[in-house]
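Novice: Take a look at this one; I'll ask things after.
Computed from the coordinates by the stated procedures, all read-outs in this text should not be read as laboratory data. Owing to the predicted nature of the structure, the values given are computational and were not obtained by experimental measurement. Glycine gets a Cβ as well: all are built from the backbone with ideal geometry, and neighbour counts include every protein chain shown.
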Amino acid sequence: MSADIIISVKDLEKHFNAGAVHALNGVSVDIERSEVLVVIGPSGSGKSTFLRCLNLLERPTGGKVIFEGTDITAPRTNINLCRRRMGMVFQHFNLFPHMTVLKNLTLGPTELLKKSQAEANQKAMQLLERVGLADRADAYPSQLSGGQKQRIAIVRALCMEPDVMLFDEPTSALDPEMVGEVLDVMKELAKVGMTMVVVTHEMGFAREVADRVLFMDEGVIVEQGTPEEIFDHPQSDRLKSFLSKVL
Amino acid sequence: MAQAFAELKESFIFNFIEGSRWKYITNGLWVTLKVTFFALLLGIVIGVVVAMVRSSYDQMKDEMKPGLGKTLMTALNTLARLYLTVIRGTPVVVQLLIGYFVIFVSTTNTVFVASMVFGINSGAYITEIIRGGIMSIDHGQFEAGRSIGFTYIQTMRFIIIPQAFKNVLPSLANEFIALLKETAVCGYIGLMDLTKGGDVIRGRTFSAFMPLIAVALIYLLLVIFFSWLIGKLERRLRSSER
């Protein structure tokens, strides 16, 4: 195995309802360190399930996920330790409404990484500065706009200093005018070499930032390649018809 | 009018002042408050634990692989359901009598027995209240906690329970008030609580009106006071989010 493969997915399968619904039907992919992998596909194609299997929020019914050399699907693996190194950003932000922004950001570092509150605060403020929200540190999530919430959610994941960031349709729940500010943060992140797996409907983002695009449909990878290959020279009919609907 | 007032005053003196009979009321009140306090404490502890067993089982039963863990969870869950069914399916007076005459026969500490019985009883209702609170929290909160790397228990402790607690405070207050009044049946095991105290005065003075109305008034004032206190707490918890 090459040293710079950070996540290796082998024959991943996920069936719901005792096999009645096949969300994933044997997905295999190697994700390299610092790669930006964008997953696109129609709704119900299994792309979110695929992403959620990477940190075992969804437990696969078959296949393996190997993260930094550890098979996280093995029963003996401590998934909590692995998840610390895998940041996740959700469609609906999922900030903790009963805590201030700063507390949202420092809960993980202080409780799990055993950092002092001062140390965690410093790191959090530094990151807040970078996304332009340092002045909202003492606000509660309900006082923020959608775009601000999502930027905070990204920072919350970054505060754990992860090796990979998983994005599950991060802009789908946002008002159109707020999509840009979130994508800008993600672009910034890609620029500094963060490994990212992004499920999105933002084709512009995929084209501009992705190193590789996966097109999924009916639980399998139908096509993959560079943004140029996928968007300018689609091979399969399914991809062509998908692109004709979304572009 | 003046006549009626004078009679009332006379009755008051006769029932409460003579022979220091007011002590039945104050001592009884103290017992009622003690039993309610310890029962509530025990009820909340039982409620949180059993609610976590029930809701974690419901959440994880499909995902857990067969093994020791799953067997243990299933056993705990069955036990929890049995507890809820039995406690909610029988009258608290009967539970009190069983507690005193069957289970805790060796102790004469009736405050302890009453606290245990009412705590175990209240725990069943608090379990369902807290379980409802846990279920009311968006599943995304749970996933966010787990995705950061928190264990199930840590996610419950830092993220779910604090939010659930806020949501269930009105129902919990309701249960607390119900509990306070339910303890009035303590007299069945010879515990001199507020109700029994008033009743003893009635037996001594052969006048029912004054002691019983006084007891009722004290319960009413207690409930009004605690409702006000909880309302204050509720507003304070809510204001932190705005």
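Novice: Let's test the formula: R0 of 45 Å, r as the Cβ-Cβ distance of A:Glu188 and B:Asn174. What FRET efficiency results, to the nearest 0.05? Intermediate results must be reported in sequence, preceding the final value.
Specialist: Numbers: r = 50 Å, r/R0 = 1.12.
After rounding to 0.05, the efficiency reads 0.35.
Novice: Here is a further query. What is the antiparallel percent of DSSP beta bridges lying wholly in the protein assembly as shown, to the nearest 5?
Specialist: Numbers: 21 of 38 bridges.
Approximately 55 percent, going by the DSSP bridge assignments.
Novice: The stretch B:1-59: D in µm²/s via Stokes-Einstein (Kirkwood Rh, Cα pairs, 37 °C, 0.692 mPa s)? Don't skip to the answer; put the middle values down first.
Specialist: Details: Rh = 15.3 Å.
Rounded, D is 215 µm²/s.
Novice: What shape does the stretch B:52-116 take by its C-alpha gyration tensor, where a ≥ b ≥ c are the square roots of the eigenvalues and a/c under 1.5 counts as rounded, a/b above b/c as prolate, and the rest as oblate? It would help to have the intermediate numbers written out before the result.
Specialist: Details: a/c = 3.75, a/b = 2.73, b/c = 1.37.
Verdict is prolate for the stretch B:52-116.
Novice: Shifting gears a bit: Order by neighbour count: B:Leu96, B:Leu84, fewest other Cβ atoms within 10 Å first, most last. Kindly include the intermediate steps, with their values, before the conclusion.
Specialist: Details: B:Leu96 25, B:Leu84 18.
Listing B:Leu96, B:Leu84 from fewest to most nearby Cβ atoms yields B:Leu84, B:Leu96.
Novice: I would also like to ask the following. Cα-Cα over 28 Å: which of A:Lys47/A:Lys103; A:Lys115/A:Lys149; A:Lys14/B:Lys70; A:Lys64/B:Lys61; A:Lys115/B:Lys70; A:Lys47/A:Lys187? Walk me through the numbers before you get to the answer.
Specialist: Values: A:Lys47/A:Lys103 31 Å; A:Lys115/A:Lys149 24 Å; A:Lys14/B:Lys70 21 Å; A:Lys64/B:Lys61 22 Å; A:Lys115/B:Lys70 34 Å; A:Lys47/A:Lys187 21 Å.
Those over the limit are A:Lys47/A:Lys103; A:Lys115/B:Lys70.
Novice: Quick check on the protein assembly as shown: what does the Kirkwood estimate of hydrodynamic radius come out to from the alpha carbon pairs, in Å?
Specialist: Working: mean 1/r = 0.0375 Å⁻¹.
Final number for the Kirkwood radius of the protein assembly as shown is 26.6 Å.
Novice: Is the C-alpha gyration tensor of the stretch B:108-242 telling us rounded, prolate or oblate? Criteria: a/c under 1.5 is rounded; beyond that, a/b larger than b/c is prolate, otherwise oblate.
Specialist: On the way: a/c = 4.48, a/b = 2.26, b/c = 1.98.
Taking the square roots of the gyration eigenvalues as a ≥ b ≥ c, the stretch B:108-242 is prolate.
Novice: Pick from A:Gly46, A:Gly147, A:Gly63 the residue whose mean-square fluctuation is largest in a GNM of chain A, springs joining Cα atoms under 10 Å.
Specialist: Comparing A:Gly46, A:Gly147, A:Gly63 in the GNM, the peak value goes to A:Gly63.
Novice: Which percent of Cα-Cα pairs in chain B sits in each 5 Å bin, short to long?
Specialist: Pair shares across the bins are 1, 6, 11, 13, 14, 13, 11, 9, 7, 5, 3, 2, 2, 1, 0, 0, 0.
Novice: May I ask what percent, to the nearest 5, of DSSP beta bridges between residues of the stretch A:88-227 are antiparallel? Write down the numbers at each step before the final one.
Specialist: Working: 5 of 12 bridges.
The antiparallel fraction comes to roughly 40 percent.
Novice: Can you tell me the Rg and Dmax of the stretch A:145-201, counting just the alpha carbons, in angstroms?
Specialist: Computed over the Cα atoms of the stretch A:145-201, radius of gyration and Dmax are 10.7, 30 Å.
Novice: Right, here's the next one. Given N residues in the stretch B:100-168, what is Rg(Cα) / (2.2 N^0.38 Å)?
Specialist: Working: Rg = 17.7 Å, N = 69, 2.2 N^0.38 = 11.0 Å.
Taking N as the residue count of the stretch B:100-168, the ratio is 1.61.
Novice: Hey, another quick one. Apply 1/(1 + (r/R0)^6) to the Cβ-Cβ distance of A:Asn17 and B:Tyr152, taking R0 = 22 Å, and write down the FRET efficiency to the nearest 0.05. Before the final figure, lay out each step's value.
Specialist: Details: r = 24 Å, r/R0 = 1.07.
Calculated value: 0.40.
Novice: Chymotrypsin sites (Phe, Trp or Tyr not before Pro) within the stretch B:124-210: which are DSSP loop residues with at most 10 other Cβ atoms inside 10 Å? It would help to have the intermediate numbers written out before the result.
Specialist: Working: sites: B:Tyr125, B:Phe142, B:Phe150, B:Tyr152, B:Phe158, B:Phe165, B:Phe176, B:Tyr188, B:Phe206, B:Phe209; in loops: B:Phe150, B:Phe206.
Filter output for the stretch B:124-210: B:Phe206.
Novice: Report, in cubic angstrom per residue, the convex hull volume of the C-alpha atoms of the stretch B:131-187. It would help to have the intermediate numbers written out before the result.
Specialist: Numbers: hull volume 4.5 nm³, N = 57.
Considering the Cα atoms of the stretch B:131-187, their hull volume per residue is 79 Å³.
Novice: For the stretch B:176-225, rounded, prolate or oblate, judged on the Cα gyration tensor with a ≥ b ≥ c (square roots of eigenvalues), a/c < 1.5 rounded, else prolate if a/b > b/c? List each step's numbers first, then the result.
Specialist: Numbers: a/c = 3.43, a/b = 1.34, b/c = 2.57.
Oblate, since a/c reaches 1.5 and b/c is not below a/b.
Novice: Connecting C-alpha atoms closer than 10 Å in a GNM of chain B, tell me which of B:Gly119, B:Gly89, B:Gly197 has the biggest fluctuation.
Specialist: Maximum fluctuation in the GNM of chain B, among the listed residues, is at B:Gly89.
Novice: Share of antiparallel DSSP beta bridges in chain A, in percent to the nearest 5? Don't jump to the answer; show the numbers that get you there.
Specialist: Working: 21 of 38 bridges.
Counting DSSP beta bridges with both partners in chain A, the antiparallel share is about 55 percent.
Novice: Based on the Kirkwood radius over alpha-carbon pairs, what value in µm²/s does the Stokes-Einstein equation return for the translational diffusion coefficient of chain A at 4 °C and 1.567 mPa s? Could the numbers behind the result be given before it?
Specialist: Working: Rh = 18.6 Å.
Reported coefficient: 69 µm²/s.
Novice: Next up: Given the alpha-carbon gyration tensor of the stretch A:40-138, what are the semi-axes of its equivalent ellipsoid in whole angstrom, ordered largest first, with each equal to the square root of 5 times an eigenvalue?
Specialist: Values: eigenvalues 179, 70, 23 Å².
That gives 30, 19, 11 Å for the three semi-axes.
Novice: Have a look at A:Pro234, A:Pro162, A:Pro75 and tell me which one the Gaussian network model of chain A (Cα, springs below 10 Å) gives the largest fluctuation.
Specialist: Evaluated over chain A, the most mobile residue of the options is A:Pro75.
Novice: Could you please tell me the mean projected area of the C-alpha convex hull for the stretch B:3-123, averaged over all directions and given in square nanometres to one decimal?
Specialist: Working: hull surface 46.3 nm².
One quarter of the hull surface, i.e. the mean projection, equals 11.6 nm².
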